[in-house]
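Asks: Have a look at this one.
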Amino acid sequence: MAVQISPSILAADFARLADEAAAVPNADWLHVDVMDYHFVPNLTLGLPVVEALRKATPTPLDVHLMIDDPDRWAPSYAEAGAGSVTIHAEASKAPVRTLRQIRSLGARAALAFNPATAVEPYEDLLPEIDMLLLMTVEPGFGGQKFLDMVLPKLRRARALIERHGGQIWLQVDGGVDTGTIERCVVAGADVFVAGSAVYGASDPAQAVDALRSQATQALRPKS
């Protein structure tokens, strides 16, 4: 599996989003957290900002919808040019329809799970998705401490993916930094959302390179 780094603009300066996007030209994705103050206790940004950001950066947008009623709104984010759109298992009432709509509009479809939500009941949905996202903090705010309790779930999710052909990416979001990324790699993750670890660094691009290098090293067999 190839390592991918997706810096989260939740930790960036919202007044300078175009500049903050340009600060990580080596990123694989730009992670965009959309929060509505209902599904999570925070309010961030919405469709107009995503549309503007799409015009401001060549880096594909990895849009994470932490909102009520993602079935209504997810297609609009795909139409706005998001390269990947993630909906939450806990919020979607019609996940198959919504995931198929996202794909039909040219974006990758992803399904996210909060720390306490089991992945196994959703195994039948794996053919409908391109990525699983496991939250490694409680969603809503950046800068939280990584929850080690999610690591066994990561391993189980990786086993499910391998059983279904291994083509689905496995993303982690929350508390990912140089102290936790190796544990995530060993557990099976291959896409890493990092907010404070990137945008809290003096050189965000260098921070991306450091995380990528550490994760890639962790993938190599130990001699």
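Asks: Only one of (1) buried (at least 16 other Cβ atoms within 10 Å of the Cβ); (2) touching a Lys or Arg at 6+ places or on another chain (Cβ under 9 Å) fails for Ala110. Which number is that?
Replies: Here Ala110 clears every test but (2).
Asks: Do we find that Tyr122 is hydroxyl-bearing (Ser, Thr, Tyr) and closer than 20 Å to Ser8 by Cβ in this structure?
Replies: Judged against the criteria, Tyr122 is not a match.
Asks: Related question: Residues Asp203, Asp124, Asp177, Asp130: which one is in contact (Cβ under 8 Å) with a residue 40 or more places away in the chain and acidic (Asp, Glu)?
Replies: Asp130
Asks: Please verify whether the stretch 126-136 includes one or more residues that are surrounded by fewer than 17 Cβ atoms within 10 Å (Cβ to Cβ), within 18 Å of the chain's Cα centre (by Cα) and modelled with pLDDT under 95.
Replies: no
Asks: Which one is surrounded by the most Cβ atoms within 10 Å (Cβ to Cβ) among residues in the stretch 28-67 that are of a type in the set (D, E, K, R) and touching a residue at least 12 places away in the same chain (Cβ under 8 Å)?
Replies: Asp62
Asks: Out of everything in the stretch 137-146 that is surrounded by fewer than 18 Cβ atoms within 10 Å (Cβ to Cβ) and more than 25 Å from Ala82 (Cα to Cα), what residue ends up being modelled with the lowest pLDDT?
Replies: Residue satisfying both the conditions and the ranking: Gln144.
Asks: Hey, another quick one. Scan the helices (runs of 4 or more DSSP H) fully inside the stretch 151-223 and keep the ones with 3 or more residues being of a type in the set (Lys, Arg) and under 18 Å from the mean Cα position of the chain (by Cα).
Replies: 151-163
Asks: Please work out if Pro25 is free of Cβ contacts under 8 Å to residues at least 12 places away in the same chain, in a loop (DSSP other than H, G, I, E, B), on the phi < 0 side of the Ramachandran plot and touching a Pro at 6+ places or on another chain (Cβ under 9 Å).
Replies: Criteria not met by Pro25.
Asks: Here is a follow-up. Name the helices (runs of 4 or more DSSP H) wholly inside the stretch 44-150 in which the number of residues that are of a type outside the set (A, V, I, L, M, F, W, C) and touching a strand residue (DSSP E or B) at 6+ places or on another chain (Cβ under 9 Å) is 2 or more.
Replies: Ranges flagged: 70-79, 95-104.
Asks: Confirm whether Gly165 is surrounded by fewer than 19 Cβ atoms within 10 Å (Cβ to Cβ) and modelled with pLDDT under 95.
Replies: yes
Asks: Now for a different question. On the given criteria, is Leu154 touching a Gly at 6+ places or on another chain (Cβ under 6 Å), surrounded by 14 or more Cβ atoms within 10 Å (Cβ to Cβ), farther than 19 Å from Ser8 by Cα and free of Cβ contacts under 8 Å to residues at least 60 places away in the same chain?
Replies: yes
The values are calculated or read from the model by the stated rules, or taken from the named source; none is laboratory data. For clarity, every value in this text was computed on a predicted model and none was experimentally measured. Neighbour counts are summed over all protein chains in view; Cβ atoms, including those assigned to glycine, are modelled from backbone coordinates with ideal geometry.
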